[in-house]
1. How about the range 146-193: which of its residues are part of a loop (DSSP other than H, G, I, E, B), in contact (Cβ under 8 Å) with a residue 24 or more places away in the chain and within 30 Å of Met356 (Cα to Cα)?
2. Regarding Leu111, is this residue at pLDDT below 95, among the aliphatic types (A, V, I, L, M), assigned by TED's automatic domain parsing to the domain that holds Ala154 and closer than 22 Å to Arg187 by Cα?
3. Restricting attention to the range 363-378, which residues are aliphatic (A, V, I, L, M) and more than 17 Å from Ala345 (Cα to Cα)?
4. Which of the helices (runs of 4 or more DSSP H) contained wholly in the range 305-378 include at least 3 residues that are touching a helix residue (DSSP H, G or I) at 6+ places or on another chain (Cβ under 6 Å)?
5. Can you confirm whether Asn142 is at pLDDT below 95 and outside any loop (DSSP other than H, G, I, E, B)?
6. Has the range 184-193 got any residue that is in the same structural domain as Phe91 (by TED's automatic domain parsing), in contact with a Phe, Trp or Tyr (Cβ under 6 Å, 6 or more places away or on another chain), buried (at least 22 other Cβ atoms within 10 Å of the Cβ) and of a type outside the set (Phe, Trp, Tyr)?
7. Could you check, for the range 333-347, whether at least one of its residues is in contact (Cβ under 8 Å) with a residue 40 or more places away in the chain and closer than 30 Å to Glu74 by Cβ?
Amino acid sequence: MSSWRLEKTLLGLLLAVCGAGALAQASASSQRYTGLGRPATPAEVQAWDIDVRADFKGLPKGSGSVAKGQDVWEAKCASCHGVFGESNEVFAPLVGGTTAEDIRTGRVANLRRSDFPGRTTLMKLSQVSTLWDYINRAMPWNAPKSLSVEEVYAVTAYLLHLGEVLPADFVLSDANIAQVQQRLPNRNGMSTAHALWPGKEFGGAPAPDVRAAACMQDCPVEPRVASMLPDFARDAHGNLADQNRNVGPQRGARTAGPKVQAAAAGAPPVPGQAGAPATATAIATATAADAPGKPSDAARARSLAQSNSCTACHAPDKRLVGPSWNEIATRHAGQIDYLSGKIRAGGSGVWGGIPMPPQSLSEADARVLAGWLATGAR
């Protein structure tokens, strides 16, 4: 037999052996994993099937008063959403912007105003079932699904009372929630023109456009997002990010003055010209550079606080979700090791019941932050 025929025969035998081995392995695997898993029990399905539809299907029987809701709110909700639903510098406001006329018509007039400073939850809410469902499944944020049925009814009633939808002595229940729906300020504000759910229930809306052809030639160029204001006009009315908004924590664009803008760009300031908006890191660097002590360490610490979202829960001089930088610096002056460990490990109970999750910083970065806090949080 020639050599090439011998090689061909051997290769065929090798492939046959490998194929048989693979079949045997597949057969063994299928036998090994037979009977894996089981159907979910009705109780397990029910534990997850908790959504409440707009027609209130799925809503559990129960009730809760506005008075009870106030107690629950102040204990479990006010730390993030404010005593009166006005919120704080982190979360959007829940109440505000609606009127008695809106309750009568079911359309919130301020939603049509381009000059209104913000959109609260009660301005946009069109279904009370959505409010009940979200509170039930997601609140409070550090212990979702921990509220009882009575507490969910009560908190929903209290929130609607804050928006002057319900009186102070009202008891919300599964028996009267449909009547409460007829008092929502924006109950008639939901549009069905998008045709995402075509059908008779939406008046025979046309089918949604889900068959658009992809552009394959002469496609538009990639859009570039830019400010509508020219650079020289950005700072005409001061730094918008530092100005108050009369409805909750609506933040404006950061239009810092020429000194910080120039520091961000690495160029000397131009008198009378603001330039492009500075980044958070650049602003932190410029601010820290003016401080006594070690400006480079302070700048790095402030940059770390920004990039790791520490500023979502902590502010320089007042409490948000957690204590202020000043409070931490006062209580734990000089305690670099303690603060560094706390930053990386997280915890709760020191400043209240709301936990701080562990931060995924390196030990070196955590010590930079800890050192900045322990020396006064300049």
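The values are calculated or read from the model by the stated rules, or taken from the named source; none is laboratory data. All figures in this text were calculated on a predicted structure; none of them were measured in a lab. Glycine also receives a Cβ, built like all others from the backbone with ideal geometry; neighbour counts cover every protein chain displayed.
1. Within the range 146-193, just Leu147 meets the criteria.
2. Details: at pLDDT below 95: yes; among the aliphatic types (A, V, I, L, M): yes; assigned by TED's automatic domain parsing to the domain that holds Ala154: yes; closer than 22 Å to Arg187 by Cα: yes.
So Leu111 passes the test.
3. Filtering the range 363-378 down to residues aliphatic (A, V, I, L, M) leaves 364, 366, 368-370, 373-374, 377.
The answer is Ala374, Ala377.
4. Details: elements: 325-331, 336-345, 363-374.
Helices (runs of 4 or more DSSP H) meeting the threshold: 336-345, 363-374.
5. Answer is no for this residue.
6. no
7. Looking only at the range 333-347, we keep the residues that are in contact (Cβ under 8 Å) with a residue 40 or more places away in the chain, and these are 333-334.
Add one more test, that the residue is closer than 30 Å to Glu74 by Cβ, and what stays is none.
The answer is no, given that none of the residues of the range 333-347 is in contact (Cβ under 8 Å) with a residue 40 or more places away in the chain and closer than 30 Å to Glu74 by Cβ.
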